[in-house]
Each structure stands twice: as C-alpha cells, then as structure tokens.
Amino acid sequence: MKKFLPTFLLLTIITTALKAQDINSDPGAYMNVMSEAQTTMNKSYMAYISASAHSSRKRKIEKLREQAVESIQYCQNTINNMAPYKGDNSLRNSAITYVDLCYKVFNDDYAHIVNMEDIAEQSYDEMQAYLLLQQATDDTLQVAIKRINKAQQDFADKYQVKLIDEKTELGDKMAATNRLNDYRNKVYLIFYKCNWEDNQLTDFVNHKNVTKIEQVRSALDKYSLEGLAKLDTLHPFDNDGSLINACKQALEFYKSEAETGIPVVTDFFLKQENFDKLKATMDAKSDSQRTQQDVDTYNKAVNDLNTAVNAFNQNNDTMNNARADATNTWNNTEKAFIDTHTPYYK
C-alpha cells in the first residue's frame, strides 16, 4: 500500500504594517493576533507532514499529530477569546468558521480518510473513491481559504490596514507538499488500476478459473495500454522522472503478462482439463477394450501435457521474477520519491 501524505491545511499568513499593542483599538494589531495563531498552527502541522513522509517512528509521528491537534485548538481558543473589533464581528466570525473547519477536517474527515485506506485495498473503484475523498477535503479547505482571505481583505479595506503579502518558507513548503501529493496520486492511480487487476488475475490462476482468467487478462491488457498512454502525457516532477519510469516498468510487465504470459497458463489448464477427461475415459476401459488408436491418443496427450507442464513452470518463474522486480522497483522508487521531494520541517 502506498504511503499517503495526509490532507493538510493551507492557511493564509497575514502581517500588517501596523505594530500597535492594543488589539481593541488598532485593527492591524487585531489582525496580527489571528495571524500569529494561524502561523503556530501551520508550523505544527507542517512538522507533522514532514515526519509522516520522512520518519518510520510511529510514536514520533503520533506525538506530532497530537501537537498539530493542540495547535489547532490553541488557534481556536485564541480567536474565540477575542472580542469583536469595535462591535464588528465579521473577521472574527470568518476566522472561527475557518479554524473550526480545519479542526473538523483533521479530526473527522481525515480520520474517515484513514479508515478508508484499508477499504481502498479491496478494489480500484474504492481506491479511486479514497483519492477523490482526499481531493474533496482539500477542495473544501481551498474554498474556505478564499472566504477567509476575502474577509481579511474586506476588514483591512474597511479599517485602512495595509496588508503585507509576505512570502514565507513555511508557505512555500506547504505548497510544495500539496503539489507533490497531487502528482503522486495521478501516477499511483495509473499503477494501482493495473496492480489491482494483476492481483485478481493471480487469485483466479490459483483457482484455475479459465473464464475469469480470460476476463481479467483482457482488462489488464486494456488498462496497461491506457496507463502507458497516460504516462506519456505526464512530465517529470522537478526533472525527476523516476516515478513515471517505475510505473512504466510495472505496466510494461502487466502488458507482457496479459499478452504472452497468461495465454501459456490458460493453454496448460485447458490441456490438463482435456487430459483428465481423456484419462478418465481411458481408465474406464479394460485392457481388452482399448484400441491402438486409444493408446496412441493417450500417449500423445501425455507428451503434450508434459511439454505444457515444462512451459507452464518456466513461464511462471519468468512472470513471478518480473512481477517481483517491477513491484520492488515501484515500492522502492515511490518511497525514495516521497523522501526526496517532501520538504523537511521541524
């Protein structure tokens, strides 16, 4: 299972040109208090994201997750404890609504996403729904961000506060992580669609279900060709084409498996089935009832089956080795890709 970055919060950082102490009389100071609380929340959350991508220490990640929750609660309390500015509650209400949404996303929606992670293993459609849920959660936050940004701008215009659009390292890292997550999900879904069919194929091969094998083989061939075409439209991520190349290697294997590997398997199963029927017929006859033609037909079937067995075993070894190589390359490349491109933040 791929390791997903959690959906995270993109909060606007506001600084103003005014540096007064009294938030009840200075609109710039009033806005700065909210901005500082949001910045604290951002820092804590980005530290959690960084640890989720780079660390394998579950206790550390969980501790940072708890700190992220606490930072959201701190932001909530800070804004809730502020009085309306000179009776104007517009900015405060917008900020409360926004931070409450952030808390809900992190505790409710994200928990639902995490719970879906296991469900997503059960089919391609469920995996797609899982990724769509992540995207829907992000989209909800983006709409909320636009609303709070407008509320901040309206407040600043009303009280003649000069806003400074300050580019920060934290903001850059959060934006970079969002971009990485979007890119990886696109490539992963291409990989997973074929990987899911391959897992189904393996199961049907183990049960010698020739009808199902053929159905899934056909789908796998179709999806691998479609996936390779989609990959050709994608560009490397910051000049790093490793994830695309690893996905291509996997899809090339799935294509070869569907077009050349599985036909050998089904051919063997059909020959084995025909031989079993022939053998049952032969066994039902006594020696005196068997004709020379019966014996010749049976011996030929034995030779054909032995040839098919050798081809089957050799084919399986080839497919299993190629599958393991493609899967390991994908898993190792994806892990390295995430580690390389997720910003470090403490």
For this session: Please work out the C-alpha center-to-center distance from segment 228-297 to segment 156-178 and express it in whole Å.
Result: 58 Å
Problem set entry | Gain upon complete extension [residue 104, residue 225; 0.36 nm per residue less C-alpha separation] | 39.5 nm
Problem set entry | Test item: Cα-centred dipole of the chain, Lys/Arg +1 and Asp/Glu -1 on Cβ, debye | 820 debye
Seminar exercise, completed: When 207, 54 are ranked with the fewest other C-beta atoms within 10 Å first, the list becomes 207, 54
Problem set entry | Table column - 3J(HN,Hα) (Hz), segment 28-43, Karplus curve with 6.51, -1.76, 1.60, x for Gly and Pro | x, 5, 4, 5, 5, 4, 5, 4, 5, 5, 5, 5, 4, 5, 4, 4
For this session: State the extension gain, in nm to one decimal, for the chain segment bounded by residue 40 and residue 176, taking 0.36 nm per residue of separation less the distance between their alpha-carbons.
Result: 47.1 nm
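Given a Förster distance of 41 Å, report the FRET efficiency between residue 22 and residue 167 from their Cβ-Cβ distance, rounded to the nearest 0.05.
That pair, residue 22 with residue 167, gives E of 0.90.
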For this session: For the chain, build the charge dipole from Cβ charges (+1 Lys, Arg; -1 Asp, Glu) around the Cα centre, then report which of 270, 73, 34 sits farthest towards its positive end.
Result: 34
Exercise. Taking 0.36 nm per intervening residue step and subtracting the Cα-Cα distance, what contour gain separates residue 67 from residue 299 on full extension?
Worked result: 76.1 nm
Problem set entry | Efficiency of FRET between residue 309 and residue 235 - r from beta-carbon atoms, R0 41 angstrom, step 0.05 | 0.30
For this session: Per residue of segment 327-343, in order, report the coupling 6.51 cos²θ - 1.76 cosθ + 1.60 (Karplus, θ = phi - 60°) as ³J(HN,Hα) in whole Hz, putting x for Gly and Pro.
Result: 5, 5, 4, 4, 4, 5, 5, 4, 4, 5, 4, 5, 5, 6, 9, 7, x
For this session: Among 344, 98, rank each residue by its count of other Cβ atoms within 10 Å, from fewest to most, as a rough exposure measure.
Result: 344, 98
For this session: Find the relative contact order for segment 193-341 and round it to a whole percent, using C-alpha pairs within less than 8 Å whose residues are 6+ positions apart.
Result: 28 percent
Problem set entry | Computed FRET value (nearest 0.05) for residue 288 with residue 317, which takes r as the C-beta separation and R₀ as 41 Å | 0.40
Seminar exercise, completed: Most exposed first, judged by fewest Cβ atoms within 10 angstrom, 202, 233 run 233, 202
Exercise. How big is Rg to Rh over the chain, alpha-carbon atoms, Rh as the Kirkwood inverse-mean-distance radius?
Worked result: 1.23
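Computed from the coordinates by the stated procedures, all read-outs in this text should not be read as laboratory data. Keep in mind it's a predicted model, so treat the numbers as computed, not measured. Backbone-built Cβ (ideal geometry, glycine too); neighbour counts: all protein chains shown.
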